[in-house]
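See structure below.
What follows draws every value from the coordinates through simple rules; no lab data is involved. What you are looking at is a predicted structure, and each value in this text was computed from that prediction instead of being measured. FYI the Cβ positions are ideal-geometry reconstructions off the backbone, even for glycines, and counts take in every protein chain you see.
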Amino acid sequence: MHDPVTQRPSRKWRGAWMEDVRTVPEETAVAITCNGTSQAVMMATPADLEDFAIGFALTEGLIENPAEIERIEIVPLDLGIEARLWVIEARADALQRRRRRMAGPVGCGLCGIESLVEAMRPVARVAERGWITPNEIVEAMAGLRPLQALNAATRAVHAAAFWQRGRGITTIREDVGRHNALDKLAGALAREGVPSSGALLLTSRRSVEMIQKSARIGAEIVVAVSAPTALAIRAAEEAGITLVGVARADGFEVFTHTHRIVDCAEVEALQQKAVPA
């Protein structure tokens, strides 16, 4: 199997030239197939590829739930890697009817889509259940960087993580592609059976396709270090997602559904409400 990182020589300037070695992330073509039919080819970090295949299938609507997958094969090839999904017959027939191809470079989540209707598909509506405090947002984002092992080695990959009250960050995935990192997280959560109530933490910007994927996961709170696009804000509003951006050590901005951000005075009332009588 391909290694997720490699070392390459570099020539560094720090007031004078010096020879150095830099750890860099690998980038590999990963073909996702369902019952032998190609669904996508994405450039990705060759790690957690079963999570990637499951998460991609879920967030792109190729399957409705992981139970529709009968088996997964990760097959290294000369030109890349195939992630082969074998799904139940009913799902395979549906995919044949709506087969679509995607092929794009890192960071491109919409390349190759054959229809504008498909690109601008309606977002799923998330459940009305979660909440988070300002301090929890700041603490969660501060706790993200120490868990980014690949980024610590390379300074070149994105992360997507899942946070739950009382547990902190439970799952994290990294990839050179921000969409891939989120798909890997979606697949990991689906395999672990972790409830979706909590917050997604992202190190990347939020464009509309990131919100579409978050909605498919069922995440009601999405927090990122950067600002979202206007279209992402409109999609989050439609999906019922609380969209938090520009999350730094000194604070953050909330763009949609601000009612899920509660102050300390409200926490006790919410906790009492959650306890059955």
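Among 221-234, 58-71, how do they line up by average Cβ neighbours within 10 Å per residue, starting with the highest?
Ranking, from highest mean packing down: 221-234, 58-71.
Can you sort GLU237, GLU192 by how many other beta carbons sit within 10 Å, fewest first?
Going from sparsest to densest Cβ surroundings: GLU192, GLU237.
Multiplying the sequence separation of ASN135 and THR170 by 0.36 nm and subtracting their Cα-Cα distance, what value in nm do you get?
Gain on stretching ASN135 to THR170: 10.8 nm.
What does the charge dipole of the stretch 134-274 about its Cα centre add up to, to the nearest 20 debye, if the Cβ of each Lys and Arg holds +1 and the Cβ of each Asp and Glu holds -1?
Charge dipole, the stretch 134-274, about its Cα centre: 440 debye, nearest 20.
If amide H atoms are built 1.01 Å from N in the plane of the peptide, which residues on other chains or at least 5 residues away come under 5 Å of the amide H of ARG206?
THR229
Using 0.36 nm per residue of separation minus the Cα-Cα distance, give me the extension gain between THR258 and TRP86 in nm, one decimal.
Full extension of this stretch gives 57.8 nm more.
For the pair GLU192/HIS2, report the inter-label distance in nm, with labels modelled 7 Å from Cα in the Cβ direction.
2.5
Grab the DSSP H runs of the chain that are 4 residues or longer, score each as -39,500 (n - 2.57), total them, divide by all residues and round the 222 nm result to the nearest 500 deg cm²/dmol.
Rounded to the nearest 500, the figure is -9000 deg cm²/dmol.
For LEU185, LEU49, what's the fewest-to-most ordering of other Cβ within 10 Å of each Cβ?
LEU49, LEU185
Which FRET efficiency, nearest 0.05, do ARG125 and ASP20 yield, Cβ-Cβ r, R0 51 Å?
0.50
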